[in-house]
Amino acid sequence: MKCPFCRDDNDRVIDSRAAQDGFAIRRRRECLSCKRRYTTYERLEETTMKVVKKDGVREPFDREKIRQGLSRACWKRPISDDQIESVVLQVENEIYARFDREVDSRVIGELVMEHLDTLDQVAYVRFASVYRDFKDVADFVDELAPMLTRKGPGGNSGKS
């Protein structure tokens, strides 16, 4: 940070606290060259994640859409709201960790399906039927085939 008085780039922070608006950090600084004090405000630069839809339209990322899709897929299944919120949070964290500004809607759908596959297979198939736009029973069979081949002896899929 350059001193506003002498323009030297050598200072120290004397005090830091949240600004009155709650969205910034107020810092009192002292220039080590001219010994004058000044105040700076730091704000987080918000980058809005955009979702690129199938038709190329871009819209702001909305975690509520993920929650709604999961809630529909998990309807009347033994899955708690906390489990749904956990999946939403995990998907959201993965998106923000892997992408800077834009994410393809296809990627979001695949992430949700990965988590549903381990959470509840019926919810997984329900979500997949909407997300992958199943046209007939053959589409369901194609989606179920990998699940059925993973299924071990005794009817357990190895997942809990």
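The values are calculated or read from the model by the stated rules, or taken from the named source; none is laboratory data. These numbers were taken from a predicted model, which means no experiment stands behind them. Here the Cβ is made from the backbone with ideal geometry for all residues, glycine too, and neighbour counts use every protein chain on show.
Table: residues versus (1) in the same structural domain as ARG101 (by TED's automatic domain parsing); (2) part of a loop (DSSP other than H, G, I, E, B); (3) touching a Ser or Thr at 6+ places or on another chain (Cβ under 9 Å).
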position	(1), (2), (3)
LYS2	no, yes, no
CYS6	no, yes, yes
ARG17	no, no, no
ARG28	no, no, yes
CYS34	no, yes, no
VAL103 being within 16 Å of the chain's Cα centre (by Cα) and in the same structural domain as ARG132 (by TED's automatic domain parsing): yes
Residue under evaluation VAL57, criteria (1) under 30 Å from SER129 (Cβ atoms); (2) surrounded by 11 or more Cβ atoms within 10 Å (Cβ to Cβ); (3) aliphatic (A, V, I, L, M), criterion not met: (2)
Near pairs, Cβ below 9 angstrom, 6+ apart or cross-chain, from segment 3-19 (loosely packed, with under 13 Cβ neighbours inside 10 Å) to any residue that is aromatic (Phe, Trp, Tyr): PRO4/TYR38
